[in-house]
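Report on the structure given below.
Every read-out reported here was derived from the displayed coordinates using simple, explicitly stated rules and does not represent laboratory data. Computed from a prediction, not measured in an experiment: that's the story for all the values here. No Cβ is skipped: glycine too gets one built from the backbone with ideal geometry, and neighbour counts run over all protein chains shown.
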Amino acid sequence: MRLLGPLGLLLILLGEGLSFVHILPWSQYVFPLFWCGYILLLDSLNLRLRGYSLISSRSGEVLLMLPASAFYWYLFEWYNMVIQNWLYINAPPEKWIQIAMKIVSFATVIPALYETTDLLGVQSWGKKAARTRPLIPGHRRNFSLIFLVLGIFLSFLPFIIPKLFFWSVWVGPFFLLDSINDRLGRPSLLRDWQTGEFGRTAVFLAAGYSCGFFWEFWNYWAYTKWIYTVPVPPMARIFEMPILGFLGFGPFGLETFAFWTLVWGKRK
């Protein structure tokens, strides 16, 4: 385990070198280098700072998290076939290599976000910090039903009116999945809001923006990369991403929590 941190840093540095000095075909494969390195480096930091980590302490969860993460991001790829908000350039010409690289890259999404939440401290204070008055008054079940219906509509509207509701891809699945978790008695941000506990929400929002920054940062100089075709007016960008689009990374962190909670089905 002591070697995970140096190995992670080495992978990131290798990816940086291949991003700034393009050496084909190797520069086509930097994304897995960055994000495997990121995961290993943060896991090492979590183990050192907290005494446990995702890889060392929850290996069974990680083994399921990898294929679930690949499937999870493929859901957004399927959305994108309709909303057409991004496209990939300079991908390897061989189709089987493209698919393999996507699967490996997409498998890092959920582990990277959860390593980030662990580093930000969700385990120790996510349920206790930022306590305030309940955001949702009254009976939670009523609001759970409202969230469920809202989530269904927002999740399907991009397929019906993609030019107008492309943005709901980043909020609809959260309302849908989190309300299902609430009804199944699993951890739920809706339940947190009902009791006035916003620490977990804050950490997953922060993790979404943190990972979003590095996704965009490393993508910007990469040879094989994605570019955006979001139908928004000209505006300032954070690397390749229009600034309004960048705001979606926070809600993406929330719906990632809801998705993984539904799949894993266990309390932390």
query: Pulled fully out, how much extra length does the chain show between Tyr220 and Leu87, if you take 0.36 nm times their separation in residues and subtract their Cα-Cα distance?
result: 46.5 nm
- request: Select from segment 15-122 those GluC sites (Glu not before Pro) which occupy a DSSP coil region and have at most 12 other Cβ atoms within 10 Å, ordered by residue number.
  value: Glu94
query: Which entry in (i) 1.00; (ii) 0.97; (iii) 0.94 matches Rg/Rh (Cα atoms, Kirkwood Rh) derived from the coordinates of this structure?
result: (ii)
- line: Dividing the mean separation of Cα pairs under 8 Å (6+ apart) by the residue count of the chain yields a relative contact order in percent of 23 percent
message: Can you give me the C-alpha center-to-center distance between segment 4-29 and segment 30-103, rounded to a whole angstrom?
response: 16 Å
- request: Among Ile55, Gly265, Gly8, pick out the residue whose Cα is farthest towards the positive end of the charge dipole of the chain, where Lys and Arg carry +1 and Asp and Glu carry -1 on C-beta, about the Cα centre.
  value: Gly265
Pair Phe153, Ala100: separation of 7 Å Cα→Cβ label points (nm): 4.6 nm
- prompt: Counting only pairs 8 or more places apart or on different chains, how many lysine pairs in the chain have C-alpha atoms closer than 26 Å?
  reply: 8
task: Would you work out the charge dipole size for segment 4-264 about its Cα centre, treating the Cβ of every Lys and Arg as +1 and the Cβ of every Asp and Glu as -1, and quote it to the nearest 20 debye?
output: 700 debye
- request: Could you please rank Met241, Met81, placing first whichever residue has the fewest other Cβ atoms within 10 Å of its Cβ?
  value: Met81, Met241
